[in-house]
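Chemist: Structure in C-alpha cells, see below.
Nothing in this text is a laboratory measurement; each read-out follows from the coordinates by a stated rule. Only a predicted model underlies this, so the values are computations on that prediction, with no experimental measurement involved. Cβ coordinates were reconstructed from backbone atoms using ideal geometry, including for glycine residues, and neighbour counts include every protein chain displayed.
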Amino acid sequence: MKKSRCFFYCLIAAFMMMTTFSCNNFKGSQEIPAYIYVDTFLLATNYPLEGAASHKITDVWLYIDGNLQGCYEMPATIPVLERGRHQVALYPGIKLNGNSSTRTINPFYQPYIIENVELEEKKIDTLYPSTTYYPIDNSDINFRFIEDFERQVMLEETNDSDTTITRTDRDAPGIWNDAFNNSHYSGYVWLGTTATDTLDNYCIASEAYYDLPDQGNSIFLEIDYKTTDLFEVGLFAKIGTVESIPLVYVNPSPDRWNKIYINLGPNITDTQEAEYFKFYIAGKVDAGKEAEYYFDNIKLVYRD
C-alpha cells in the first residue's frame, strides 16, 4: 500500500514538473499580427519586344524592409509581426519545371514595391501587385526566341518525326486567346491514324541553334500548352555531333491552357563542351490512339 501511494505521489510530482518545464520554455510570440492579403499577380508586357503577357505566377515572396518573411501560395493572407510604417516588396514566384518542390522567384519579373505601408495589429492590408519583365534597355535580359504563331512558324520537324506543327486557322476554337493584343493563332499538332497514314510521334525544334550562356545563368523556356497527352521538352546540344538531352515530361492539360517555365541553365552548365543548343518538343501515342497538342507563347529568355 505504501509503495502504491509513493508511486502515485511521484507520478503527480513528475507531471507537475513536466508542465512547469513546458510552460516556462514556450517562447513563441504572443503578439497579434497585422496581415497582408494578396490574391494574384498581374503581368504586363511590351508585346512587340517581349511577347504576350502570359504567366503562371502562383506564389508571392514577401520582403519587409529587405528581409524575407516567406513564400506563400496565392491567394494568401500573410501574418506579419512588424508594426508602423515599413517598405513592403512582393516578388512574383513560380514553380520551375512545373514542380511544386522547386518554387522560386522568377528572375525576369520585377518586384512590386510599396514604401511606407502602415502595419497595424489585426488590420488586413489588401495589395494588388503587378509586374513586368525587367526592361531590355536597362538590364541584361535577352529574349532570344519568341514564337506566338502570329507570323511565320519558327519551329520545324526533325528527321524522325511523323508530322510537324502547323498554325491553326484564324480564331479557331481552342486557340490561346489574347484579345488585347489581337492574338488569332496558335500552333497545333495532331497524332493518330488516318485512312492513309499513321502519325504516332512528333518532334519539333527551333529552326536555329543558339549560343547560350553557361556557368549558372538563368535560362528559361516558357511554353503555353493545351494538350490531351503528355509531351517531352529537351535540348539538342551540338558537340561535334548532336546529342539529345531530355529535360521534363509535361502532363496533359486537356480542358484549359496551362503554362510551364523550364529551367535550361543547369543542363547547359553541365554541357560546357557544346557549341550551340536548340530546344525541342516531342510526343507520341500508342497505336490506335490519337492526341491533340496546342502550343503558344514559346519564349527563350535568359540573363547574361
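Chemist: For the range 107-217, what is one quarter of the convex hull surface built on the Cα atoms, given in nm²? Each step should come with its number before you reach the end.
Modeler: Working: hull surface 54.7 nm².
Result: a mean projected hull area of 13.7 nm².
Chemist: Where both residues lie in the chain, what percent of DSSP beta bridges are antiparallel, nearest 5? It would help to have the intermediate numbers written out before the result.
Modeler: Details: 82 of 91 bridges.
Counting DSSP beta bridges with both partners in the chain, the antiparallel share is about 90 percent.
Chemist: Let me ask you something else. With everything on Cα atoms, drop me the angle between helix 2-24 and the longest principal axis of the chain, reported from 0 to 90° to the nearest 10.
Modeler: 60 degrees
Chemist: Which FRET efficiency value, to the nearest 0.05, do you get for THR45 and ASN116 by plugging their Cβ-Cβ distance into 1/(1 + (r/R0)^6) with R0 = 30 Å? Before the final figure, lay out each step's value.
Modeler: Numbers: r = 29 Å, r/R0 = 0.96.
FRET efficiency, THR45 to ASN116: 0.55.
Chemist: What FRET efficiency, computed as 1/(1 + (r/R0)^6) with R0 = 25 Å and r the Cβ-Cβ distance, is obtained for ASP270 and GLU232, rounded to the nearest 0.05? Don't skip to the answer; put the middle values down first.
Modeler: On the way: r = 19 Å, r/R0 = 0.74.
That pair, ASP270 with GLU232, gives E of 0.85.
Chemist: Just to check I understand the Karplus step: with θ = phi - 60° and J = 6.51 cos²θ - 1.76 cosθ + 1.60, what whole-Hz values come out for the range 187-203, glycine and proline as x?
Modeler: Ordered by residue, 3J(HN,Hα) equals x, 9, 10, 10, 10, x, 10, 9, 5, 10, 9, 10, 10, 10, 7, 9, 8 Hz.
Chemist: Relative contact order for the chain: what is it in percent, counting Cα pairs under 8 Å that are at least 6 residues apart? Could you put the intermediate results ahead of the total?
Modeler: On the way: 667 pairs, mean separation 56.5, N = 304.
Worked out over the chain, it gives 19 percent.
Chemist: Something else now. Quick check: Cα centre of the range 162-210 to Cα centre of the range 268-304, how many Å?
Modeler: 14 Å
Chemist: Then there's this: Among residues other than VAL248 whose Cβ falls under 12 Å from its Cβ, what is the net charge (Lys/Arg +1, Asp/Glu -1)?
Modeler: On the way: positive: LYS95; negative: GLU232.
It works out to a net charge of 0.
Chemist: Could you give the nm distance between label points at GLU243 and ALA208, where each point is 7 Å from its Cα heading toward the beta carbon?
Modeler: So the two model labels end up 2.5 nm from each other.
Chemist: Over the range 141-303, what is the relative contact order in percent, taking alpha-carbon pairs closer than 8 angstrom and at least six residues apart? Numbers along the way, then the final one.
Modeler: Numbers: 385 pairs, mean separation 56.7, N = 163.
So the answer I get is 35 percent.
Chemist: Only four residue types carry charge here, +1 at the Cβ of Lys and Arg and -1 at the Cβ of Asp and Glu. Report the dipole size of the chain about the Cα centre in Debye, rounded to the nearest 20.
Modeler: Numbers: 24 positive and 43 negative charges, 439 e Å.
Here the size comes out at about 2120 debye.
Chemist: Okay, next question. Using θ = phi - 60° and the Karplus relation 6.51 cos²θ - 1.76 cosθ + 1.60, list the HN-Hα couplings for the range 274-285 in order, rounded to whole Hz, with x at every Gly or Pro.
Modeler: 6, 7, 9, 9, 9, 9, 9, 10, 9, x, 7, 10
Chemist: May I ask for the Rg/Rh ratio of the range 141-303, computed from Cα atoms with Rh as the Kirkwood radius, given to two decimals?
Modeler: Details: Rg = 15.9 Å, Rh = 16.4 Å.
Taking Rg over the Kirkwood Rh, I get 0.97.
Chemist: As an exercise, take the mean of 1/r over every pair of distinct alpha carbons in the range 149-203, invert it, and state the Kirkwood radius in angstroms.
Modeler: In the range 149-203 this quantity evaluates to 12.6 Å.
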